[in-house]
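This report refers to the structure that appears directly beneath it.
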Amino acid sequence: MPRWKVFLSQYLRWSSTVTQALALSIITFCVIFPLCCHRLLYSYYFIKSMYLDSMSEVVLRESLDRGQEALRFWQSSSTTASSRFNNFTQHPELLVTVVTARRNEARDYHYLLQVMLQLSNIVGSCGEQECAEVLVCDVESGPQENQDAKLLESHFRVVRRLPQEQQSIRERINTFEKEKRDYVFCLRRGWELVKPKNMVVLEDDALPRNDFFIVIKDLLSRRFALHTLYIKLYHPERLQRYWNPEPYRILEWVGLGLVGATALLLSFPYWNPCSFSFTLSATHLLFFTLYFMTAAELLGRHYLLEVRRISPQLYAISPATECCTPAMLFPGDASFRVAEYLDSSFCYKGHAKDIVLYQMARKVPGQRSHSVEPNLITHIGAYSSVRANPSRPKLL
Ligand SMILES: CC(=O)N[C@H]1[C@@H](OP(=O)(O)OP(=O)(O)OC[C@H]2O[C@@H](n3ccc(=O)[nH]c3=O)[C@H](O)[C@@H]2O)O[C@H](CO)[C@H](O)[C@@H]1O
């Protein structure tokens, strides 16, 4: 065959493949995905201007209803019915310490009562024995009482600082240092009270999911937990994207693309829809790898992570991410050591306890820190108790 014919036929074949790849990409990413994903909060296709306000209002209303329901429950439940949480055993397998402060702006939402109601509902999910002992650590005292913690006193063990101690802290330090000191106080009190084999510390706006204890039990049975300073049980959904600077996520992303592309090409080695002729080749593998990677990112990694909820064994462990400490698991005596480390640092705006903890775990030799995905709690605290809040907080 003359050379120009060979060139032309190759060019036509190549250009038709390019055109088809382009058509497939346009149909997927410009037609199908926008239609299917425009209401998904953590997708790139989410139309903020249309849905964010109404969705935020719905979530606030639901939280308010749950808070009122929890208030009614704790007000009406008899003391004896739930006093089982008051009798502590020494050296329990797990102690859950809930750190709580007064929340003036979100008073009606009763975050703490919501969290304690959920904990009391799921603490029996481990079989014959209860999954954990539960302790409330109220960091307020004196005239400015935390009414929700007061209401729980007859149901749970509640620990507090001495009023004079609280007053002197409030006068001398910034909010973030106070928040850290309160956390250290709660870590230490929990440890001193029962010397638990493992400890979970929840902030009072961290609502555990139904499989919370089952997954924690599974995590603690894995070898890595023995050498871990802390395991983060929550990371904000908006920061779960692949396009965030976490090296392991890039690996996961490329891996997902490669697996998707290989599976597709192996399933249809001579796939021929619409005169599309695919043979297993490096170009096709590359194209479909990028195609699946783009699809995963645009859809939202958060939604892919949700599939892992099928079984506790499928929850992924990765190196700890920086932000936030609403739910932390401290295996063994790590809670005691973390209290020591935190105590030796100073917090301020932009350098709160979560950042300190993250940096600390990287500096101390032999200490590792991990995150579990997907999240084991829902963060219900739309109003912060340490930062300024807008009048109606938004989901994003
Ligand atoms: C979801 C999320 O991103 N939460 C993080 C964000 O909290 P937020 O800004 O959401 O603050 P928040 O109101 O959830 O308070 C965090 C915790 O501190 C407690 N508290 C508050 C005031 C006080 O004087 N003493 C005290 O102990 C409070 O009870 C709660 O357990 O930033 C904090 C650091 O600043 C932590 O990293 C939180 O994990």
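The values are calculated or read from the model by the stated rules, or taken from the named source; none is laboratory data. All figures in this text were calculated on a predicted structure; none of them were measured in a lab. Note that we place each Cβ from the backbone using ideal geometry, even for glycine, and neighbour counts take in every protein chain shown. When the accessible area is computed, the model is the full protein with side chains, heavy atoms only, and any ligands, DNA or RNA have been set aside. Shrake-Rupley method; radii C 1.70, N 1.55, O 1.52, S 1.80 Å.
Accessible area per residue (1.4 Å probe, heavy atoms of protein chains only) ranks Phe330, Phe224 as Phe224, Phe330, with the largest value leading. Note on Lys178: lysines with a C-alpha under 18 Å away, same-chain residues under 8 apart excluded, are Lys349, Lys353. Each residue of the range 363-372 was assigned a 3J(HN,Hα) from its phi angle through the Karplus curve 6.51 cos²θ - 1.76 cosθ + 1.60 (θ = phi - 60°); the sequence is 7, 6, x, x, 9, 10, 9, 10, 10, 10 Hz, with glycine and proline shown as x.
Within the shell of other residues whose beta carbon sits under 14 angstrom from the beta carbon of Phe336, the net charge comes to +1, with Lys and Arg scored +1 and Asp and Glu -1. Rounded to the nearest 10 Å², what accessible area does His91 show when all protein chains are kept and the probe is 1.4 Å? Ignoring ligands and nucleic acids, His91 comes out at about 100 Å². Of the listed residues Trp253, Trp243, Trp74, Trp4, the order by accessible area with a 1.4 Å probe, largest first, is Trp243, Trp4, Trp253, Trp74.
Would you calculate, for the chain, the mean residue ellipticity at 222 nm contributed by helices, counting each DSSP H stretch of 4 or more residues as -39,500 (n - 2.57) and dividing by all residues, to the nearest 500?
-15000 deg cm²/dmol
The range 286-361: D in µm²/s via Stokes-Einstein (Kirkwood Rh, Cα pairs, 20 °C, 1.002 mPa s)? Estimated via Stokes-Einstein, D reaches 136 µm²/s.
Return the inverse of the average 1/r over all pairs of distinct C-alpha atoms in the range 15-136, which is the Kirkwood hydrodynamic radius, in Å to one decimal. Numbers along the way, then the final one.
On the way: mean 1/r = 0.0528 Å⁻¹.
Mean inverse Cα-Cα distance, inverted, gives 18.9 Å.
About the centre of its Cα atoms, the range 276-396 shows a dipole size close to 260 debye [charges on the beta carbon of Lys, Arg (+1) and Asp, Glu (-1) only; nearest 20 debye]. Note on exposure: Thr262, Thr321 ranked by accessible area (1.4 Å probe, complete protein assembly) read Thr262, Thr321, with the most exposed listed first.
The ratio of the alpha-carbon radius of gyration of the chain to the globular-protein estimate 2.2 N^0.38 Å is 1.20. Computed from the C-beta positions of Arg3 and Val259 and an R0 of 51 Å, the FRET efficiency is 0.80 to the nearest 0.05.
For Cys324, what charge total do you get from the other residues with a beta carbon under 15 Å from its beta carbon, if Lys and Arg give +1 and Asp and Glu give -1? Before the final figure, lay out the partial values.
Working: positive: Lys180, Lys232, Arg238, Lys353, Arg387; negative: Glu179, Glu203, Asp204, Asp205, Glu237, Glu246, Glu322, Asp354, Glu373.
Its environment carries a net charge of -4.
Going by alpha carbons, how many degrees (0 to 90, nearest 10) lie between the helix axis of 163-172 and the longest principal axis of the chain? That works out to roughly 50 degrees.
Positive end of the dipole of the chain (Cβ unit charges, origin at the Cα centre): among Thr100, Asn146, His284, the Cα lying farthest that way belongs to His284. Of the three principal axes defined by the Cα atoms of the range 87-127, the extents in descending order read 37, 19, 14 Å. Within the accessible surface of the chain, defined with a 1.4 Å probe on protein heavy atoms only, the carbon and sulfur portion equals 59 percent. For Arg249, neighbours were defined as the other residues whose beta-carbon sits under 11 Å from its Cβ, and their charges (Lys and Arg +1, Asp and Glu -1) total -2.
For the range 306-311, putting each phi into the Karplus relation 6.51 cos²θ - 1.76 cosθ + 1.60 with θ = phi - 60° gives couplings of 4, 4, 5, 5, 3, 8 Hz, in residue order, rounded to whole numbers and with x for Gly and Pro.
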